[in-house]
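Asks: Please read through the structure below; I'll follow up with questions.
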RNA sequence: GCAGGGGUGGCAGAGCUUGGCCAAAUGCGACGGGCUUAGGACCCGUUCCCUUUAGAGGGUGCGAGAGUUCAAAUCUCUCCCCCUGCACCA
């Protein structure tokens, strides 16, 4: 049995001694491979390992291809989690302490974690140990943490640049807000982790006919303004007159309170609902004067507490009016005007639940009534059902609706909605407010209802047109893997707009323009890969953080000014400055960035934007590589499921190479990998097979090459070519299926076929070991040395394939031989049932190889799909009778014929002759190989190209 | 709702760009056989249904429906469903 830990430690020590991962600029082409740094509040689990080992595989592969590849590593600690964790430890939170104990954190360490800095120290060390145990080839001299002072200096410089460029803006932003805590509320701060979703909603001003006050009607569908019959308020709640930005409005008391967090609201006085009900309001578009009526469903804490009534298209409005009318409320005359129709001609409309033609047939001209009927309810239905009808009509009219009236007659409703909203707002007849659109109210953990507050904020304006355009035009130059991710990246980079960039709490870099706040923890982690290129030079020369003035970064990263003057300003030695600059320029010209799929929509977009904003073009991102997750025994791993496997522990149990290999090459980048015990034992036994194969070399000798040896050489060289093609496209699974799984089955097949040529097997194993090195570095090293090599395999070059060793004849012939075995056994079983053969035991199998001319004849048939054309073709076969006999057998499946790979009949015959004894053993018969033209067998003419005819002769 | 990605055999997962070697690679599982003291190791075969005494034929089939085509898992349209993101969360 292989002792994987022993092997791993042995080679890790050898690599460290040889400093194989400590890279400095040289004459080779550079590549800087970086992976998104991990957060330091927990140990890493085997899910993280996939990203880091994918990056490691890529780094090792490119290194073997002659590049100077640097793979550094750092850690992320900014933001609130570490702070929150130390707080929980201070308050002796049982859950967190239990968690830490599960990660084998000793009690005394847990106690020290009351200090957040200790958490960072502890886990960053754990993570480094884990990465080393996994054999990830990192240049550890360059390690840093995002809370280090040097890091902060860089981020301050970055934000100075963004400000200079005009990309930093002060503005307002709606957030979920708790009036009790007086703070912003995210998903983690709410009861049951409900996510507060903030929507904007349009408020249309209906002026009071008799005063200067206004009824602000909140609506999702401003385009229905053409069908408004009245205004609704809820007479059972309190209303006030409030001054909003200097104008007077009637709003519910609750709404006035909520809106005061968004707008400048001053409550003037309370007003009785009955008074409001006596008023008339003016539709700002149609100028119609409409009454104010009591609406049972109007929620005083939603929007403004005032809504406009559109009975023809809103089931609630319809129901309220019908009920009022039925209750004997004095109703003015009103018309339920249908202003939106479903396009009948459009095939889409057929899918609507309330079909236009059905409505017509039933003589219903009120869509909301039609939708009530669809649900088999009427105006007196439960609110739940009315809600359902509302959703249905909203959805279907938004999708297929067309405006029937107004300026935008004939336009799709969804387009008209935006247009009308914009027009109303421009005329001052409407404004927008923010609301929480969750169906249920959201509560803060403290118990208070969450509301929307508009807060003052610094933003990075990713919506800046010039900036966006630069990104848009550069994006196609970035290589993205997996390729289908490009679409997501493009749409996300179009969509990103204002991004709030400072927070009141957390660890990290102080926001330079408001030192009481810190920089938001994704915004501080966009250009940090540059730091890897020179930070070890700062460390080794004792440069102090306070020496890192903006001039330093201007010089090192942008090439501004000169070393002498920067040295004067900062006190840093000119040689050190020059070295930093050279290092940055060398490494950053070619980068590859790796991460899990979760970072596409945030980190990658900000990463690209910030590089484009700050650096000259040669520093812009070159390559982005994203991997999916890891499942453990069929289940998604997540903290909430509690089934994460810490990787220090996993390496101990499963072996670093085994884990790496399964995670990284077990599936392509875009699919989740399955880590399971069965996959593990399969790898273990296959590795054992390879090591055993090396041992067996001792009993082999070199000999003249036979067909099966040519076959092995050919397979090896095609394999090298195929693997390189796949790896260059990051098709890791394709590549390693070829390198590993296929190689093993080929070696087995080779042995099965009696192959035992020392030269051939040696070369095969040597090159397989080389190609395994990026994926299973420790095992590859072991294999490499077992073969008698004395160099380190991880420093070797990727093998070259030999075009002339790739033999179509050999590979095809072997496939044919394999398939022929099947044909023979079928033929034997069928012929043994023929009555004249009953009782006979001895058999002679004749393998009849088709004449050479049949191959071009067949391929011409496949190409032309015409029998006559082939028969009349010159130079294929002079015996037209034979040719037509051959061609006409394909008449039925002519269309399905595809060209075959030609194998010379001579080679095939020779290969079969060499395989004859082996075949005889397999099928328990005497075997003869003969050419079709020489054969006297009645079945001879049935030989097909690449498919010999089989004649079983019983005696 | 918006944006992006998907839906393939018992399962996982290729194929879809460039329609036809596709009843659909590969792996796992299951079944039968071999090798073995034994086996979770290895080797061979079978694994949608029907017919077939020579390498075959027919049917059904790739979320649902419609269309284009001599021909559709693959192209077009519609619908349904799933995953991810939607920003104070790293």
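The values are calculated or read from the model by the stated rules, or taken from the named source; none is laboratory data. Since this is a predicted model, take the numbers as computed values, not measurements. For neighbour counting, all protein chains shown are included, and Cβ atoms are generated from backbone atoms with ideal geometry for every residue, glycine included.
Asks: For region A:920-937, how many residues are at pLDDT 80 or above and within 11 Å of RNA strand B (Cβ to nearest atom)?
Replies: Number satisfying all stated conditions: 2.
Asks: Consider region A:177-208. How many of its residues are in contact (Cβ under 8 Å) with a residue 60 or more places away in the chain, farther than 30 Å from residue A:413 by Cβ and either under 38 Å from the mean Cα position of the chain (by Cα) or within 15 Å of RNA strand B (Cβ to nearest atom) (or both)?
Replies: The total comes to 11.
Asks: When residues of region A:222-253 are filtered for being more than 30 Å from residue A:413 (Cα to Cα), in contact (Cβ under 8 Å) with a residue 24 or more places away in the chain and part of a loop (DSSP other than H, G, I, E, B), how many remain?
Replies: Adding up the residues that qualify gives 4.
Asks: A follow-up question, please. What single numbered condition from (1) modelled with pLDDT under 80; (2) touching a helix residue (DSSP H, G or I) at 6+ places or on another chain (Cβ under 7 Å); (3) in a loop (DSSP other than H, G, I, E, B) fails to hold for residue A:871?
Replies: So residue A:871 meets the others, but not (3).
Asks: Within region A:297-317, track down each residue that is part of a helix (DSSP H, G or I) and under 21 Å from residue A:237 (Cα atoms).
Replies: A:316, A:317 - these are the residues of region A:297-317 that are part of a helix (DSSP H, G or I) and under 21 Å from residue A:237 (Cα atoms).
Yes or no, residue by residue, for (1) outside any helix (DSSP H, G or I); (2) touching a strand residue (DSSP E or B) at 6+ places or on another chain (Cβ under 7 Å):
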| position | (1), (2) |
| --- | --- |
| A:709 | no, yes |
| A:739 | no, no |
| A:744 | no, no |
| A:747 | no, no |
| A:768 | no, no |
| A:774 | yes, no |
| A:782 | no, no |
| A:789 | yes, no |
| A:797 | yes, no |
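Asks: Step by step: first the residues of region A:628-676, then only those that are in a strand (DSSP E or B) and more than 13 Å from RNA strand B (Cβ to nearest atom), then the one that is modelled with the highest pLDDT. Which residue is that?
Replies: Residue satisfying both the conditions and the ranking: A:646.
Asks: Please find, among A:424, A:369, A:392, the residue that is out of contact with any strand residue (DSSP E or B) (no Cβ under 8 Å at 6 or more places or on another chain), touching a residue at least 12 places away in the same chain (Cβ under 8 Å), in a helix (DSSP H, G or I) and surrounded by 20 or more Cβ atoms within 10 Å (Cβ to Cβ).
Replies: It is A:369.
Asks: Of all the residues that make up region A:89-108, how many are in a helix (DSSP H, G or I) and either surrounded by 18 or more Cβ atoms within 10 Å (Cβ to Cβ) or touching a strand residue (DSSP E or B) at 6+ places or on another chain (Cβ under 9 Å) (or both)?
Replies: 4
Asks: Just to check your reading of the model, which residue among A:111, A:84, A:55 is under 23 Å from the mean Cα position of the chain (by Cα), closer than 29 Å to residue A:149 by Cβ and either surrounded by fewer than 20 Cβ atoms within 10 Å (Cβ to Cβ) or more than 14 Å from RNA strand B (Cβ to nearest atom) (or both)?
Replies: Being under 23 Å from the mean Cα position of the chain (by Cα), closer than 29 Å to residue A:149 by Cβ and either surrounded by fewer than 20 Cβ atoms within 10 Å (Cβ to Cβ) or more than 14 Å from RNA strand B (Cβ to nearest atom) (or both) holds for just one of A:111, A:84, A:55, which is A:55.
Asks: Among residues belonging to region A:357-366 that are exposed (fewer than 14 other Cβ atoms within 10 Å of the Cβ) and assigned to a helix (DSSP H, G or I), point out the one that is nearest to RNA strand B (Cβ to nearest atom).
Replies: Here the answer is A:357.
Asks: In addition: Can you tell me how many residues in region A:114-138 are surrounded by fewer than 19 Cβ atoms within 10 Å (Cβ to Cβ) and not in a helix (DSSP H, G or I)?
Replies: Counting residues in region A:114-138 that are surrounded by fewer than 19 Cβ atoms within 10 Å (Cβ to Cβ) and not in a helix (DSSP H, G or I) gives 2.
Asks: I'd like the full set of residues that are closer than 23 Å to residue A:217 by Cα, touching a helix residue (DSSP H, G or I) at 6+ places or on another chain (Cβ under 8 Å) and outside any loop (DSSP other than H, G, I, E, B), limited to region A:318-344.
Replies: Result: A:318, A:319, A:340.
Asks: Another one. Being touching a residue at least 60 places away in the same chain (Cβ under 8 Å) and within 19 Å of residue A:144 (Cα to Cα) is true for just one of A:550, A:512, A:529. Which residue is that?
Replies: After applying the criteria, what remains is A:529.
Asks: Checking the conditions here, which among A:625, A:600, A:605 is part of a strand (DSSP E or B), under 15 Å from the mean Cα position of the chain (by Cα) and under 16 Å from residue A:475 (Cβ atoms)?
Replies: Matching residue, one of A:625, A:600, A:605: A:625.
Asks: Name the residues in region A:73-88 that are touching a helix residue (DSSP H, G or I) at 6+ places or on another chain (Cβ under 7 Å) and assigned to a helix (DSSP H, G or I), would you?
Replies: Listed by number, the residues that qualify are A:82, A:83, A:85, A:86, A:88.
Asks: Quick check on residue A:681: is it assigned to a helix (DSSP H, G or I) and on the phi < 0 side of the Ramachandran plot?
Replies: When the stated conditions are applied, residue A:681 passes them.
Asks: May I pose another question? Quick test of your reading of the structure: residue A:492 fulfils all but one of (1) within 10 Å of RNA strand B (Cβ to nearest atom); (2) touching a residue at least 40 places away in the same chain (Cβ under 8 Å); (3) over 28 Å from residue A:41 (Cα atoms); (4) not in a helix (DSSP H, G or I). Name the failing condition by number.
Replies: Every condition holds for residue A:492 apart from (4).
Residue-wise test of (1) within 11 Å of RNA strand B (Cβ to nearest atom); (2) under 21 Å from residue A:160 (Cβ atoms).
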position	(1), (2)
A:418	no, no
A:423	no, no
A:440	no, no
A:480	no, no
A:499	yes, yes
A:510	no, yes
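Condition check ((1) within 16 Å of RNA strand B (Cβ to nearest atom); (2) in a loop (DSSP other than H, G, I, E, B); (3) more than 45 Å from the chain's Cα centre (by Cα)) across all residues:
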{"site": "A:175", "(1), (2), (3)": "yes, no, no"}
{"site": "A:210", "(1), (2), (3)": "no, yes, yes"}
{"site": "A:255", "(1), (2), (3)": "no, no, no"}
{"site": "A:266", "(1), (2), (3)": "no, no, yes"}
{"site": "A:269", "(1), (2), (3)": "no, no, yes"}
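Asks: Oh, and also: Residue by residue through region A:378-400, note down the ones that are within 12 Å of RNA strand B (Cβ to nearest atom) and under 18 Å from residue A:202 (Cβ atoms).
Replies: A:394, A:397, A:398 - these are the residues of region A:378-400 that are within 12 Å of RNA strand B (Cβ to nearest atom) and under 18 Å from residue A:202 (Cβ atoms).
Asks: Could you list all residues from region A:427-449 that are under 36 Å from the mean Cα position of the chain (by Cα) and in a strand (DSSP E or B)?
Replies: Correct list: A:432, A:433, A:434, A:435, A:436, A:443, A:444, A:449.
Asks: Moving to a separate point now. Taking only pairs six or more apart or across chains, which ones have beta-carbon atoms under 8 Å, a first residue in region A:79-104 that is at positive phi, and a second residue that is assigned to a helix (DSSP H, G or I)?
Replies: A:104/A:649
Here's the yes/no breakdown for (1) within 11 Å of RNA strand B (Cβ to nearest atom); (2) without any contact (Cβ under 8 Å) to a residue 40 or more places away in the chain; (3) under 29 Å from residue A:4 (Cα atoms); (4) buried (at least 19 other Cβ atoms within 10 Å of the Cβ):
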site: A:682; (1), (2), (3), (4): yes, yes, yes, no
site: A:690; (1), (2), (3), (4): no, no, yes, yes
site: A:715; (1), (2), (3), (4): no, no, no, yes
site: A:723; (1), (2), (3), (4): no, no, yes, yes
site: A:728; (1), (2), (3), (4): no, yes, no, no
site: A:732; (1), (2), (3), (4): no, no, yes, yes
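Asks: So, one more: Among the residues of region A:512-527, how many are within 13 Å of RNA strand B (Cβ to nearest atom) and closer than 18 Å to residue A:592 by Cα?
Replies: 2
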